[in-house]
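*Asks:* Before I ask anything, let me first share the structure, which is written out below as structure tokens.
No lab work stands behind these numbers, since they all come straight from the coordinates. Values in this document were obtained by computation on a predicted structure and should not be read as measured data. Because the Cβ atoms are built from the backbone with ideal geometry, glycine has one as well, and the counts that use them run over all protein chains shown.
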Amino acid sequence: MRVRRQFFRGVDAPDRDAAWGTIRRAGVYHRLADARRLAHLFLPFAIDPSPDRTHSSPVTATVDLGAIRHNAQVLQDRADGAELMAIIKADAYGHGMLPVARALNAEGVRHFGVARLAEGIRLREDGHTARILVLGAPAPAQLPRYAEYDLDVTVPSPTVAAAVARHARPDAPLRAHVLVDTGMGRLGLPPDDAPAVLSQLGASAGVTLAGLWTHFATADEPDSSFAQTQLERFEAVVAQHATDVQHVHAANTGALLTLGKRTHDVSPSLVRSGIALYGLAATPELAAQLDLRPAMQLTARVTQLKTVPAGTPVSYGADWEAPRRTRIATLGIGYGDGYPRLCSGRASVRIGDCTRPVVGTICMDMCMVDLGPPDRPPATQVSRGDEAVLFGPSGPTVYEVARWSETIPYEICCKVSPRVPRHYASSRNARTAAPASAPDSTNCHTTSLHLRDRPQ
């Protein structure tokens, strides 16, 4: 999209779009894309799609692309020869889809999964030539766009299969991945319907059977009998379908960890991984099975410091009162930035080489931290403009923030707002880069919370 704007600066949008379509049909786009792809391959971290606005923002999400590359290597090793499909939907779980895709492409990843058509188009217009599967169900009217941008389409029903067969042409082919619902209850064909759909698509001109897949509902749970049942149902479909497909894929991150090679013991095969690419899993126990490195650190600056007398209420509802003369730091982050309001009275942050509690109700744009007595560390060590770590390698973990806010780590990362600038860093040697360590908490003073009512 940026390339389009640069080429047609000052041209009205309808004329710009028409001209761009002409360029694509003439094949010029593909040569531009090749040039951009080569640039990203050799300079994958020098090209950042968004300006660095961190100097003027009170909050920053720092994303370690080296950690993501390391995690991809770990997952590829775990896949036992199957290829990795990197799931980068929802802006790469909040980490930034385009920089993450470039980093993974440089690491040799050649398959990507997104949730929506617009995400796939954005990747293509950024110059990516890898295979891109749109995991969500398509609307029939969207199918020409799939052909135009060479995106793989999910086929979750006979209705969509009929639409794909109707729209596909030799000069506008469609690549189909047939989704079998083995127990997720979300999208997909009943197992008994899959062979007929596979046969229909296999006999349709212009249709390539690119994949056959399913998705597990409980693979994150150790020793899940239901995941085993799902796998058996899928194996039965794989064994009986008469039409060859390019890829069979079932394993998500959880299945890769709990079910193992059986989920991808076919050839050729893919494993789909999302959350683990970003250094996380559904639980810390699952993450501990692999050498994963969390990729995101969320920080906020101190925008004001004040000393308040004992009994002073803080924030909306006046639910928290200072138990003594207290130094309060106001941070420039709130639920408008994706820091959950449910963390009110529950969370802590890393500040001044100590862990300190968040007090009072978290606001849309701010939250408050108790630094303790004003004449003792860390109050004496913290200045306006200093950074506090909300989560990340140098502070509380994403799992802790998820627990405080009664949700899962996926949501914590995805909820980091687009208004939060992303700063990208990377260690070139992903294998040997040491993970960041938390500062020493020696001489930190803890504070008991005095809440009239804990926010619910």
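*Asks:* Using a Förster distance of 41 Å, how high is the FRET efficiency between Asp375 and Arg341, based on the Cβ-Cβ distance and rounded to 0.05?
*Replies:* For R0 = 41 Å, the calculated efficiency reads 0.80.
*Asks:* Restricting to Cα pairs below 8 Å that are 6+ residues apart, what does the relative contact order work out to for region 296-425? Please round to a whole percent.
*Replies:* Worked out over region 296-425, it gives 28 percent.
*Asks:* So, one more: Note down, for region 65-287, the three equivalent ellipsoid semi-axes (square root of 5 times each alpha carbon gyration tensor eigenvalue), biggest first, whole angstrom.
*Replies:* 26, 22, 14
*Asks:* Pull out the extension gain between Met184 and Asp80, defined as 0.36 nm times the separation in residues minus the alpha carbon to alpha carbon distance; nm, one decimal.
*Replies:* Residue separation times 0.36 nm, minus the Cα-Cα distance, leaves 34.9 nm.
*Asks:* Tell me the relative contact order for region 192-347 as a rounded percent, counting alpha carbon contacts under 8 Å between residues six or more apart.
*Replies:* Once divided by the residue count of region 192-347, the mean separation gives 15 percent.
*Asks:* So, one more: What is the distance, in nm, between label points placed 7 Å from the Cα along the Cα-to-Cβ direction at Ala217 and at Ala118?
*Replies:* About 3.0 nm, to one decimal.
*Asks:* Give the peptides 292-300, 109-117 in descending order of average Cβ contacts within 10 Å, highest first.
*Replies:* Those peptides, ordered most packed to least, come out 292-300, 109-117.
*Asks:* Hey, fewest Cβ within 10 Å first, where do Met364, Met85, Met97 land in order?
*Replies:* Going from least to most buried by this count: Met364, Met97, Met85.
*Asks:* Nearest 0.05, what FRET efficiency do Thr129 and Ala425 give at R0 = 25 Å with Cβ-Cβ as r?
*Replies:* Once the sixth-power term is evaluated, E becomes 0.45.
*Asks:* Please give the length that would be gained between Lys306 and Gln289 if that part of the chain were fully extended, namely 0.36 nm times their separation in residues minus their C-alpha to C-alpha distance (nm, one decimal).
*Replies:* 1.7 nm
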